[in-house]
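Accompanying notes for the structure given below.
The values are calculated or read from the model by the stated rules, or taken from the named source; none is laboratory data. Remember, it's a predicted structure, so these values are computed and weren't measured experimentally. Cβ atoms come from the backbone with ideal geometry, glycine included; neighbour counts cover every protein chain shown.
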């Protein structure tokens, strides 16, 4: 098998990860995807197929129909705005860290780019919300200082597990990287795609750096610590696939995927909606009953038509029924996005094992994701401790989220505002929906106080 072989689960989820990346990037990235995210209408396809330089639309004019159709569409930033709101809640939480002296540098300098352990934890939470997966790799630099490298879900193309004394252990992890070849200059570097391969070979952890054709970029390295003249190899791969429900290599659900899908459907519907409004505002003139050589003149400030005898003129207009149906469908997508936001923010009234059991049975919530991200970091720090010959039991990285009810209510109201539901859903309806979801027991007046400025929601029916 070639080094760029993909795990079946990777191949199954890569399109979702790409869509989530585009959703976070915003409208420009979505529109650059062209027909991947906004298919052409049957009418546009027919116009392009019938286009010719001899008559009717030219090929360029036919192509412009789709460009205009796409330009009218609006992609809502529900995912990006909701993520920002949720991360604001997470940033207020405390991360409990206990490390042996040899690893304490991680607290202030945990990543290759110099961020501390809490910043890395926040990155992982963000990745879990939007990708459902955050691979991390531990290592030591040339000064024997520990660090943790974060990889994107898209870069972890392959992995494998094997049996070890009755346990399922990670035996293979392959990451796609971009490497500077050194052939360019400071203004225009030349890069190549390489693959960092972690593998257990004869019970020893080995890292390889390979090109796409399988040739080695550098010599294979056995991972371990020097003990006198001997290298004491580690017997595990220093790789953790942090997930939304557990930290095994299997791909977990993406908490905000449904919101991104709703936003994408709203984008597609908006193209039809605003195109319909365009043609409603600019009806198509139709003139009938004229011979080919008839003299049609358009005069006057209001473009009055002078028709020969027997000629008739009218406007071809939309009736409006389809426009209203499209608008209602767009509202349905907003409500679907709202449900996702409420579900992820659901911290529940209960605590401890009751909450854990409920969440395990249903879906990933912000509470569980925060704890899972901390657990993944703890596992990695334990790996680094073992690598250095230290007791892994001396390592603690944990978080017990203490989301206040007021903070959650305010966050939900912010998401409502971001979804632009405020101006189209009565205030009382929104508040009642929050209470039904057990997100709040606050009164309307109390919720009004949380709604900053009072302009995010409306009293109008």
Next item on the list: Look at residue 175 and say whether it is crowded, with 20+ Cβ neighbours inside 10 Å and over 27 Å from residue 402 (Cβ atoms).
Entry: yes
Checklist line | Filter result (on the phi < 0 side of the Ramachandran plot, crowded, with 23+ Cβ neighbours inside 10 Å and not in a helix (DSSP H, G or I)) within region 117-137 | finding: 133, 134, 135, 136
Next item on the list: Scan region 107-116 and give yes if some residue there is surrounded by 19 or more Cβ atoms within 10 Å (Cβ to Cβ), in contact with a strand residue (DSSP E or B) (Cβ under 8 Å, 6 or more places away or on another chain) and not in a helix (DSSP H, G or I), otherwise no.
Entry: yes
Next item on the list: Test each condition in (1) assigned to a helix (DSSP H, G or I); (2) closer than 30 Å to residue 223 by Cα; (3) at pLDDT below 95 for residue 69 and report the one that comes out false.
Entry: (2)
Notebook entry, point to check: In the set 190, 194, 217, which member is at negative phi and modelled with pLDDT of 95 or more?
Noted result: 194
Item checked: Filter result for the condition that a residue is free of Cβ contacts under 8 Å to residues at least 60 places away in the same chain, more than 21 Å from residue 17 (Cα to Cα) and crowded, with 16+ Cβ neighbours inside 10 Å, over 151, 147 -> 147
Next item on the list: Select from region 207-221 the residues that are under 21 Å from residue 136 (Cβ atoms) and surrounded by fewer than 17 Cβ atoms within 10 Å (Cβ to Cβ) and list them in ascending order.
Entry: 209, 221
Note to self: Every residue in region 142-178 that is more than 28 Å from the chain's Cα centre (by Cα) and either at pLDDT 90 or above or assigned to a strand (DSSP E or B) (or both), please.
What the structure shows: 145, 146, 162, 163, 164, 167, 168, 169, 171
Next item on the list: Could you identify the single residue in 296, 307, 264 that is modelled with pLDDT under 80 and surrounded by 16 or more Cβ atoms within 10 Å (Cβ to Cβ)?
Entry: 307
Checklist line | For residue 445: the one exception among (1) in a loop (DSSP other than H, G, I, E, B); (2) at pLDDT 75 or above; (3) loosely packed, with under 13 Cβ neighbours inside 10 Å | finding: (1)
Item checked: Odd one out for residue 277 among (1) at pLDDT 70 or above; (2) closer than 30 Å to residue 85 by Cα; (3) surrounded by fewer than 18 Cβ atoms within 10 Å (Cβ to Cβ); (4) in contact with a helix residue (DSSP H, G or I) (Cβ under 8 Å, 6 or more places away or on another chain) -> (2)
Checklist line | Identity of the residue in region 228-254, in a strand (DSSP E or B) and free of Cβ contacts under 8 Å to residues at least 40 places away in the same chain, that ends up surrounded by the most Cβ atoms within 10 Å (Cβ to Cβ) | finding: 233
